[in-house]
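Bear in mind that the values in this text are calculations on the coordinates, not laboratory data. Given the structure is predicted, the values throughout are model-derived calculations rather than measurements. Methodologically, a virtual Cβ is constructed for each residue, glycine included, from the backbone with ideal geometry; neighbour enumeration extends over all protein chains shown.
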Amino acid sequence: MSRVRVHNFSISLDGFGTGHDLSLEAPFGHAGHRLHEWMFATRFWDPAGTAGADNSFAERHGPGIGAEIMGAGKFGPPGWQDDPEWRGWWGSNPPFHTPTYVLTHRPRPPLELEGGTTFHFLDVAPADALAVAREAAGGQDVRIGGGPTMLRDFLAAGLVDHLHVVQVPILLGRGVRLWDGLEGLQEQYDVEAVSTPSGVTHLTFSR
């Protein structure tokens, strides 16, 4: 059976996966882009970027993925469901290039864009969404793309086989935390930690 993977999910030292007060102008709220600066500096993101350990971790995001599942908060800012013209943050050619399933309490018809990405909007439980995505993935792995609330639900349901979390050395103080309610999660996985010169720590949870 295909695996369920999470890659490059960044959190602060105090466990927040996104900041407070998200909006169209501030997709990560008061956190800005601070959670992801480590990735922006890599060759994975920018051809002129670095090719060290951070890049090696970041590059694992894509290979072998046949479908993605994301939460409503990753697809758009609060209230995007009220805008029938909203097509996501990524323009006409999103970076997913697979069937992509958006979990929302207000589904809409599928949205087919360039590059092989079709967004499907589902109002179902995590296990049911995973069953649909696995079928679409055709034997390849399914990536869980966040945000933190949706990812926490998949972890709580025991559905994630590989979890890559990047702990960034900042304190946000408010926002949405990843780990709440997941006490003892580490007992289900082999856990490895790798610190890099950028100051981040890559935590890998492998079932």
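If you scan segment 36-72, which residues turn out to be surrounded by 16 or more Cβ atoms within 10 Å (Cβ to Cβ) and small (Gly, Ala, Ser)? Answer for segment 36-72, where residues must be surrounded by 16 or more Cβ atoms within 10 Å (Cβ to Cβ) and small (Gly, Ala, Ser): Ala41, Gly49, Ala53, Ala58, Gly66, Ala67, Gly71, Ala72. Counting only strands (runs of 3 or more DSSP E) that fall entirely inside segment 147-207 and contain at least 2 residues that are over 23 Å from Met70 (Cα atoms) and without any contact (Cβ under 8 Å) to a residue 60 or more places away in the chain, the qualifying elements are 190-195.
Somewhere in segment 132-153, is a residue more than 23 Å from Gly76 (Cα to Cα), among the hydrophobic types (A, V, I, L, M, F, W, C) and surrounded by fewer than 16 Cβ atoms within 10 Å (Cβ to Cβ)? So far as segment 132-153 goes, no, none of its residues is more than 23 Å from Gly76 (Cα to Cα), among the hydrophobic types (A, V, I, L, M, F, W, C) and surrounded by fewer than 16 Cβ atoms within 10 Å (Cβ to Cβ). A residue that is closer than 17 Å to Phe9 by Cα and acidic (Asp, Glu) cannot be found anywhere in segment 75-94. Looking only at residues that are among the polar types (S, T, N, Q) and touching a Phe, Trp or Tyr at 6+ places or on another chain (Cβ under 7 Å) in segment 82-126, which one is farthest from Pro63 (Cα to Cα)? Step by step, filter segment 82-126, then rank; the result is Thr104. The single condition from (1) within 19 Å of Gly71 (Cβ to Cβ); (2) outside any strand (DSSP E or B); (3) in contact with a Lys or Arg (Cβ under 6 Å, 6 or more places away or on another chain) that Phe121 fails is (2). Just checking, how many residues over segment 8-23 are under 18 Å from Glu68 (Cα atoms) and surrounded by fewer than 21 Cβ atoms within 10 Å (Cβ to Cβ)? Of the residues in segment 8-23, 1 are under 18 Å from Glu68 (Cα atoms) and surrounded by fewer than 21 Cβ atoms within 10 Å (Cβ to Cβ).
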